[in-house]
């Protein structure tokens, strides 16, 4: 009985990681949907009107981002444990980049609440005109987008690293490795490109580089939930590097 529990432990950790991954994807997906549906590019007045008209949804989008970050920290911790038998140093390197990305994202999410304060008619804001407050609110949301791009650079390194580990593993489908490495490169191009080339952002090419991440991370998430890992192969590889 004890041996059976020990054998299932890596698979159980994998499935928990998959469920947390699913929660993260759903939470950030909802947050992105709310964010994008309320923002009107370069129209501060319309954006302010949308936010005030949908304040509960705007707050839920903020909460979803926080939940998504917390879930991804859990995913990072569990994948570190699962991939450590392949290479402890690379797995540590990957986890470090992911946690830094999560920290940047968490700090950046605070700017998403700024419009609620700026548009809240507090008495200390009476020194500003309405159009000025609306412009500041839109600016804070644009800063949120830039902060997101910075965090994606770190998540890009993370995906490349875990893709390399999965490619070298014996307990996960190796096809997931190249998919995640391609996704990571897409995140890196997206993150650096939006800073280095304004034309890159103007033509909305960023979505093309984020799409592989949806496929790769979604595939890893589903595999972890449905199949988990090959416990025997995991223990064998852990023993060989032990």
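Which value in nm describes the separation of the simple spin-label points at residue 233 and residue 41, placed 7 Å from the Cα toward the beta carbon?
Roughly 4.4 nm, to one decimal.
Going by average Cβ neighbours within 10 Å, how do the peptides 77-84, 41-48, 113-120 rank, with the highest at the top?
Working: 77-84: 20.8, 41-48: 15.2, 113-120: 17.4.
So the order, starting with the most tightly packed, is 77-84, 113-120, 41-48.
Taking the chain as the reference, fit the longest principal axis to its C-alpha atoms, fit the long axis of helix 130-168 to the helix C-alpha atoms, and give the angle between the two in degrees, 0 to 90, nearest 10.
It is inclined by approximately 10 degrees.
Per-residue counts of other Cβ atoms within 10 Å, averaged by peptide: what ranking do you get for 154-164, 28-38, 50-60, highest first? Working shown, then result.
Details: 154-164: 24.3, 28-38: 16.6, 50-60: 14.9.
Descending packing order for the listed peptides: 154-164, 28-38, 50-60.
Could you calculate the FRET efficiency of residue 53 with residue 26 from 1/(1 + (r/R0)^6), where r is the beta carbon distance between them and R0 is 25 Å, rounded to 0.05?
0.50
Against the longest principal axis of the chain, how steep is helix 176-196, in degrees 0 to 90 to the nearest 10, with axes from Cα atoms?
30
Which of these, 70, 17, 183, has the largest mean-square fluctuation under a Gaussian network model of the chain (Cα springs below 10 Å)?
70
Which of 187, 124 has the fewest other C-beta atoms within 10 Å, and how do the rest follow up to the most?
Numbers: 187 26, 124 6.
Result, fewest neighbours first: 124, 187.
Between (1) 40, 19, 14; (2) 42, 18, 14; (3) 33, 19, 17, which entry matches semi-axes √(5λ) of the Cα gyration tensor in Å as derived from the coordinates of this structure?
(1)
Which ordering of 234, 223 is given by a fewest-first count of other beta-carbon atoms within 10 Å?
Working: 234 25, 223 18.
Least crowded to most crowded, the residues run 223, 234.
Where the centre of each part is set by its Cα atoms, how far does the range 59-110 sit from the range 126-142, in angstrom?
Using only Cα atoms, the two centres lie 32 Å from each other.
Which FRET efficiency, nearest 0.05, do residue 142 and residue 70 yield, Cβ-Cβ r, R0 25 Å?
After rounding, the FRET efficiency stands at 0.50.
Taken together, the values in this text are just the output of simple stated rules run on the coordinates, not laboratory data. All of these numbers come straight from a predicted model, not from anything done at the bench. Using ideal geometry, Cβ is built from the backbone for each residue, glycine included, and neighbour counts are taken over all protein chains shown.
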